[in-house]
Amino acid sequence: MAPADSGDRREPPAAAAVEPVGLARKIAFLRSPSTFPDRPAEVETVETHFAYVFMSQRLVYKLKKPHRFRQVDFTSVAARRANCELEAALNRRLAEPVYIGVVPLTFDGSELAIDGPGDAVDWLVHMHRLPQHRTLERLAAEGRVTDAELRSLIDKLNRFYRAAVLAPWGPEGYRRQVERRTRDTLRQLRSPELGLDASLLDAVDDAQMRFLDAGGALLEARARERRIVDAHGDLRPEHVFLDGEPQIIDCLEFSQELRWLDSAEEISFLALECERLAAPAVAQRLLDLYVDAAADPIAPGLLAFYRSARAAVRALLSAWHTVDGLPPAQAGHWIGRATWYLEQARSGLARAGAGPD
């Protein structure tokens with residue numbers, strides 16, 4: 001396999017209005033079993049917001065959509081290549097054996113190929129496929145995750161956080177960043193097009209603002225303790241594979257700003273998602289193991305605030321689905337999920353008293 005930066009292929013000019021090969025043709029090519037070197041009987045295809053993922057039994061190719069969405073702009077081949085390379089590099093921090101690299105999708109004027117002759121018309125993240133039945137999502141939901149597996153996961157994450165790049169803010173800068181991020185999320189949740197319950201939003205807003213008014217010193221202390229790092233950014237149970245050495249994939253690669261997180265906030269998010277899977281014991285065990293492994297006696301009120309803040313973000317992401325013209329049943333599903341997250345954002349802080357402890 002030629003290296004992605006070999007320089008022996010020309011990319012279409014970034015300003016070109018029309019790419020030489022359309023998206024539909026690329027998808028059809030990557031869906032074909034004959035495309036994969038392991039010649040599978042079939043290729044499984046999954047569509048995400050930003051990409052198409054094509055999977056055989058052993059291999060995965062991810063193709064970025066040529067779309068622009070908020071701060072993400074993948075409308076040029078060069079931008080998609082840069083994002084693929086960034087995704088592979090960042091994810092090797094927590095899943096080095098999984099990410100094989102980045103390969104060109106080439107076109108010789110008549111045929112597409114993976115890393116073949118011709119010009120690069122797109123770029124693909126190339127991965128080994130992991131066993132889906134070994135995700136934390138599946139294991140937690142089925143009650144099959146062991147304490148040893150959770151301990152191994154937290155140990156790996158703790159080593160990662162200790163070695164991670166520190167955020168660029170001092171204590172006051174971090175506090176202001178959290179305040180800005182919290183207020184921005186609450187403002188967006190109140191968008192009329194989302195149609196979320198105003199009284200529930202008022203309750204979340206009140207609880208989070210009362211904590212910020214009283215708990216600023218706790219936030220500043222976290223920066224002094226060097227707890228704010230370039231983290232994973234999207235630590236959900238479906239991204240965690242517990243099959244031998246834990247492998248954690250699909251970090252939030254497109255925004256370093258959104259990856260600057262307190263390590264305890266990131267673990268609180270993972271615990272929140274386990275609660276959504278009806279696995280509260282797993283959620284609590286993850287928190288307990290983190291506090292012990294990281295020697296981090298975080299104040300319960302701050303941990304409750306972090307959980308509330310992450311729940312509000314997930315409510316916003318869920319509600320955004322409803323503005324895409326979905327059928328009523330699907331839109332109702334996402335409104336229901338957004339409401340669940342908002343209830344968690346409110347109730348957790350209410351139980352903790354919304355104070356700094």
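The figures follow:
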| read-out | value |
| --- | --- |
| Backbone HN-Hα couplings from phi across segment 43-57 [Karplus 6.51/-1.76/1.60, Hz, Gly and Pro as x] | 10, 8, 10, 10, 9, 10, 5, 10, 7, 10, 10, 10, 10, 9, 5 |
| Packing-based exposure ordering (other Cβ within 10 Å, fewest first) of VAL313, VAL145, VAL165, VAL18 | VAL18, VAL165, VAL313, VAL145 |
| Under-5 Å amide H pairs with LYS65, H placed in peptide plane, nonlocal only | ALA51, TYR52 |
| Tail fraction, Cα-Cα pairs, the chain, threshold 26 Å, whole percent | 55 percent |
| Size of electric dipole in segment 23-129: Cβ of Lys, Arg +1 and of Asp, Glu -1, about Cα centre, debye, nearest 20 | 340 debye |
| Cα-based shape type of segment 217-357, given that a ≥ b ≥ c are square roots of the gyration tensor eigenvalues and the cut on a/c is 1.5 | prolate |
| Cut-off under 5 Å, modelled amide H: who pairs with ILE228 long-range | ALA167 |
| The chain, relative contact order in percent, only Cα pairs under 8 angstrom and at least six apart counted | 15 percent |
| Spherically averaged projected area of segment 289-350 from its Cα convex hull (nm²) | 5.0 nm² |
| Vicinal HN-Hα couplings computed from phi for segment 257-270 (Karplus, 6.51 cos²θ - 1.76 cosθ + 1.60; Hz; Gly/Pro x) | 4, 6, 8, 6, 9, 5, 4, 5, 5, 5, 5, 5, 5, 4 |
| Per-residue ³J(HN,Hα) for segment 79-91, Karplus 6.51 cos²θ - 1.76 cosθ + 1.60, θ = phi - 60°, Hz, x for Gly and Pro | 5, 5, 4, 4, 5, 4, 5, 5, 4, 5, 5, 5, 6 |
| Contact order relative to length of segment 198-357, as percent, for alpha carbon pairs under 8 angstrom and 6 or more apart | 28 percent |
| About the Cα centre, charge dipole magnitude for segment 136-352 (Lys/Arg +1, Asp/Glu -1 at Cβ), debye | 400 debye |
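No value in this document is a laboratory result; all are computed from the given coordinates. As the structure is a computational prediction, the values presented were derived from the model and not from experiment. FYI the Cβ positions are ideal-geometry reconstructions off the backbone, even for glycines, and counts take in every protein chain you see.
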